[in-house]
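Structure first, then comments.
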Number of protein chains: 2
Amino acid sequence: MVWKASHKEESRQKILTAAADLFTRKGFNRVGIDDVMAAAGMTRGAFYAHFSSKFELYEEAILKAGRAAMQHFEENSASSEDLIKNYLSEEHLLSDDIRCPLACLVSDVAHDDVRVKQTYTKIFKGFLKNLQEKPESGNEESAVLLKAVLMIGGMALARSLTDKQLAKKILKTCSEAAMVPEREGSNY
Amino acid sequence: MVWKASHKEESRQKILTAAADLFTRKGFNRVGIDDVMAAAGMTRGAFYAHFSSKFELYEEAILKAGRAAMQHFEENSASSEDLIKNYLSEEHLLSDDIRCPLACLVSDVAHDDVRVKQTYTKIFKGFLKNLQEKPESGNEESAVLLKAVLMIGGMALARSLTDKQLAKKILKTCSEAAMVPEREGSNY
DNA sequence: GTCTATAATCGGATAGAC
DNA sequence: GTCTATCCGATTATAGAC
């Protein structure tokens, strides 16, 4: 049988997309290779033509999820305030397709091995850079770090609470607070 | 063989202590019943005389870890500022015996079933109440929520980064920021 | 490159002796 | 109440056909 040159890469991307979705939604351990491959429209046997282990998939999937989330929130946010508002929105909390791995996997990653933590750290630093580069943003390092913690921490916490009223209040409060620091030292 | 009336309860507490330690350190999935029982000085077979399932143990262990952490930080903190400083300290980050499950398991819990999330929510509300009751603390709800997010989110994030310099900076920045809000509306 | 079938392992839960 | 031995389901990874 003959395969298009692009076919393998397409399959690989399908697997990664499915994995990014499932891992951020259910965590590493609650997702089997079967689940990922089924979601990608294939069966288990094909997996190892693309990745050497579930761990390798995990790392790449987290990266992909991070890029996808970043891009999504960037595209829909002209200002730093928009970015914060969108990130800490109920849409993000409930979204079926966009979930930031920094929030979905904060504590998960802490229990994984160093390589996963390194990947996470890399994504986190990209997140910081993004926050910092928004033109009208207060970009002292401490202000940026605080925003990041309020965004990631607020969203992570909201996801773990059964009291959805309280979860929403957290999102709202963090959103408002994260917008304040940038006014100090900004131009208007 | 005859057993002291207190023996069973002692064993139970040993198991819970070991479980609280292991689960907050490694997460639910990376810890087997074997591990817990070995740490408690027993073998697997004895487990089911105390708990009906690993899940049941998880819930109780989280509660125990929460109470232990709360008590530890309360005891060593006269003021709200002390509490924040101690919670966001490097000692807490590196501690072998005291780790707050709210930070260690934020995103883990999000992937678990409702009952675990309910337990987590309960602990979180206790945490809020504690923050609120500190006499000199600013206790508007929003201020308390922000402190909680900075503490839990900051510690969770610090645990997941390989860049320990950055992790420390996060702890320090969150610590300072969490102390600010309470000055508004306080008495001095 | 993807499939089906299977090997190998690990971990939760149970049974029965003491 | 705790032990050892065992069952059993789930899941990662591999083998070999197409």
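Read-outs throughout are calculated quantities, based only on the coordinates presented, and are distinct from any laboratory measurement. Model, not experiment: these values are computed from the prediction. Heads up, the Cβs are rebuilt from the backbone with ideal geometry, glycines too, and the neighbour counts pull from every protein chain shown.
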Inset, instruction - Search region B:48-60 for residues that are closer than 15 Å to B:GLN13 by Cβ and pair each with any residue that is part of a loop (DSSP other than H, G, I, E, B) and more than 7 Å from DNA strand C (Cβ to nearest atom) when their beta-carbon atoms are under 6 Å apart and the residues are at least 6 apart or on different chains. - result: B:LEU57/B:PHE51
Inset, instruction - Please specify each residue of region B:47-72 satisfying the condition of being farther than 20 Å from B:LYS122 by Cα and among the polar types (S, T, N, Q). - result: B:SER52, B:SER53
Inset, instruction - Residues being crowded, with 17+ Cβ neighbours inside 10 Å and either within 13 Å of DNA strand C (Cβ to nearest atom) or aromatic (Phe, Trp, Tyr) (or both): count how many of those fall in region B:30-53. - result: 8
Inset, instruction - Working only within region B:77-93, note down all residues that are surrounded by fewer than 17 Cβ atoms within 10 Å (Cβ to Cβ) and in contact with an Asp or Glu (Cβ under 7 Å, 6 or more places away or on another chain). - result: B:SER79
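Does A:LYS125 fit the bill of being under 22 Å from A:ARG30 (Cα atoms), charged (D, E, K, R) and free of Cβ contacts under 8 Å to residues at least 24 places away in the same chain?
no
Would you confirm, using the coordinates I've provided, whether B:GLN13 is farther than 24 Å from B:LYS117 by Cβ and in a helix (DSSP H, G or I)?
Here the answer is yes, as B:GLN13 does meet what is asked.
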Legend entry - Residues within region B:1-41 that are more than 9 Å from DNA strand D (Cβ to nearest atom) and touching a residue at least 40 places away in the same chain (Cβ under 8 Å), tallied: 10
Inset, instruction - Output the number of the condition that B:LEU63 fails; it satisfies all remaining conditions of (1) in a loop (DSSP other than H, G, I, E, B); (2) away from DNA strand C (no atom under 13 Å from the Cβ). - result: (1)
Inset, instruction - Of the numbered conditions (1) within 16 Å of DNA strand D (Cβ to nearest atom); (2) within 14 Å of chain A (Cβ to nearest Cβ), B:ARG44 fails exactly one; give the number of that condition. - result: (2)
Inset, instruction - Return a yes/no flag: does region B:94-113 have any residue that is more than 16 Å from B:ASP21 (Cβ to Cβ), surrounded by fewer than 23 Cβ atoms within 10 Å (Cβ to Cβ) and of a type outside the set (Asp, Glu). - result: no
Legend entry - Subset of region A:144-174 [touching a residue at least 12 places away in the same chain (Cβ under 8 Å) and within 16 Å of A:ARG25 (Cα to Cα)]: A:ILE152, A:MET155, A:ALA156, A:LEU157, A:ALA158, A:ARG159
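When you look at B:ASP112, is it of a type in the set (Asp, Glu), within 16 Å of DNA strand D (Cβ to nearest atom) and more than 15 Å from A:ILE170 (Cβ to Cβ), yes or no?
When the stated conditions are applied, B:ASP112 passes them.
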Inset, instruction - Mind counting the residues in region A:52-85 that are farther than 28 Å from B:LEU105 by Cβ and near DNA strand D (Cβ under 9 Å from one of its atoms)? - result: 1
Inset, instruction - Kindly list the number of the only condition in (1) in a helix (DSSP H, G or I); (2) of a type in the set (Ser, Thr, Tyr); (3) more than 12 Å from DNA strand C (Cβ to nearest atom) that fails for B:SER77. - result: (1)
